[in-house]
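Notes for the one structure printed next.
The values are calculated or read from the model by the stated rules, or taken from the named source; none is laboratory data. What you see is a predicted model; the values in this text were computed from it and never measured. As a convention, Cβ positions derive from the backbone with ideal geometry for all residues, glycine included, and neighbour counts pool all protein chains shown.
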Amino acid sequence: MTTIRIMTYNIQRCRGGDGRIDPERILQVIGEGAADIVALQQVDASCQTGHLKFLAERLGMGCYANPRAGANAFLSYYPLRGVQEYELGQGGVCQRADADINGKRMHLFNLRLDCSPVRRQRQIADLLGPCLLGSPSLACPTLVLGDFADMLWGPGNLSLNMNLRKAKRPFWPGTYPANFPLIGRDRAYVRGELKIVASTIERGALARLASTHLPLVLTLEISNTRQFLHLKKINRMEIATG
């Protein structure tokens, strides 16, 4: 059994509720969450001057993102492999990665959807399609998390609930807007042998100011015993005759 803490946090390019851009506040909120992997949305991941590089260096974590402003990104103490970003169309973004955790593998999907009901429904259909969650290559436990951008019950949620299990959330699940969180936009879904043993939302004064979203932190147990083989262990490929 392997336990890991994962955070999802839309940092709004480090712009807080007071309109001030301050990556130091975001840094402190992430540090207080003590997560092993952080899924960020709307982060400046520009190569040299972006906030992602600053956060990664100060936290001592690896960072994974396309080098652009407004990207989705992962910060991680564990190695991530196969990191790719997919456009879901009209503002929707999905970042996929595989986390290798003590000999076990978990598929991660970091989402940011659009608030428009029509666009959001199309984005969820793409997410569930054969290139992403519908891919037959997904053989390990899967965690889908991020900003789902709905108010209460948005179009596409029925499809999500039919294909995935909604992860455990606190009794009051609101994460948005941070200063008066009524809506649980930031959440997670699971598939496979993953168990959510704890779920918390950082609601301190700094978290309510640092971004318009509050971070959600999940503690998971991975019970899948399936082993995987690193590609570097394969020395050659033999072609069968006949």
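For Asp100, state whether it is acidic (Asp, Glu) and crowded, with 17+ Cβ neighbours inside 10 Å. Taking the combined requirement at face value, the residue does not satisfy it. Check region 185-197 and report whether any residue there is farther than 18 Å from Ala99 by Cβ and either modelled with pLDDT under 95 or surrounded by fewer than 17 Cβ atoms within 10 Å (Cβ to Cβ) (or both). No - not one qualifying residue is present in region 185-197.
Considering only residues in region 172-213 that are among the acidic types (Asp, Glu) and touching a Pro at 6+ places or on another chain (Cβ under 6 Å), the one that is nearest to Asp147 (Cα to Cα) turns out to be Glu202. Among the residues of region 177-206, those identified as of a type in the set (D, E, K, R) and over 17 Å from Phe109 (Cα atoms) are Glu202, Arg203.
The one condition from (1) in a loop (DSSP other than H, G, I, E, B); (2) more than 15 Å from Leu127 (Cα to Cα) that Pro155 does not meet is (2).
Please work out if Pro170 is touching a strand residue (DSSP E or B) at 6+ places or on another chain (Cβ under 6 Å), surrounded by fewer than 20 Cβ atoms within 10 Å (Cβ to Cβ) and under 22 Å from Asn10 (Cβ atoms).
Details: touching a strand residue (DSSP E or B) at 6+ places or on another chain (Cβ under 6 Å): yes; surrounded by fewer than 20 Cβ atoms within 10 Å (Cβ to Cβ): yes; under 22 Å from Asn10 (Cβ atoms): yes.
Judged against the criteria, Pro170 is a match.
Taking the numbered list (1) in a loop (DSSP other than H, G, I, E, B); (2) aliphatic (A, V, I, L, M); (3) surrounded by fewer than 18 Cβ atoms within 10 Å (Cβ to Cβ) in turn, Leu206 passes all entries but (1). I want to confirm something. Restricting to region 1-34 and keeping residues that are modelled with pLDDT of 95 or more and among the polar types (S, T, N, Q), which single residue is surrounded by the fewest Cβ atoms within 10 Å (Cβ to Cβ)? Going through the qualifying residues, I end up with Gln28. In the set (1) at positive phi; (2) exposed (fewer than 14 other Cβ atoms within 10 Å of the Cβ), Gly70 fails one condition alone, (2). Annotation note: of Ala210, Ala149, Ala205, Ala178, the sole residue that is without any contact (Cβ under 8 Å) to a residue 12 or more places away in the chain and closer than 30 Å to Arg20 by Cβ is Ala205.
Tell me, yes or no, whether region 101-111 has at least one residue that is touching a residue at least 24 places away in the same chain (Cβ under 8 Å), farther than 17 Å from Leu194 by Cα and under 16 Å from the mean Cα position of the chain (by Cα). Scanning region 101-111, I find at least one residue that is touching a residue at least 24 places away in the same chain (Cβ under 8 Å), farther than 17 Å from Leu194 by Cα and under 16 Å from the mean Cα position of the chain (by Cα), so the answer is yes.
In region 82-95, the qualifying residues are those that are on the phi < 0 side of the Ramachandran plot and either surrounded by 13 or more Cβ atoms within 10 Å (Cβ to Cβ) or in contact (Cβ under 8 Å) with a residue 24 or more places away in the chain (or both), and the one that is farthest from the chain's Cα centre (by Cα) is Leu88. Given the condition hydroxyl-bearing (Ser, Thr, Tyr) and in contact (Cβ under 8 Å) with a residue 12 or more places away in the chain, answer yes or no: does some residue in region 36-49 qualify? Yes, because at least one residue in region 36-49 is hydroxyl-bearing (Ser, Thr, Tyr) and in contact (Cβ under 8 Å) with a residue 12 or more places away in the chain.
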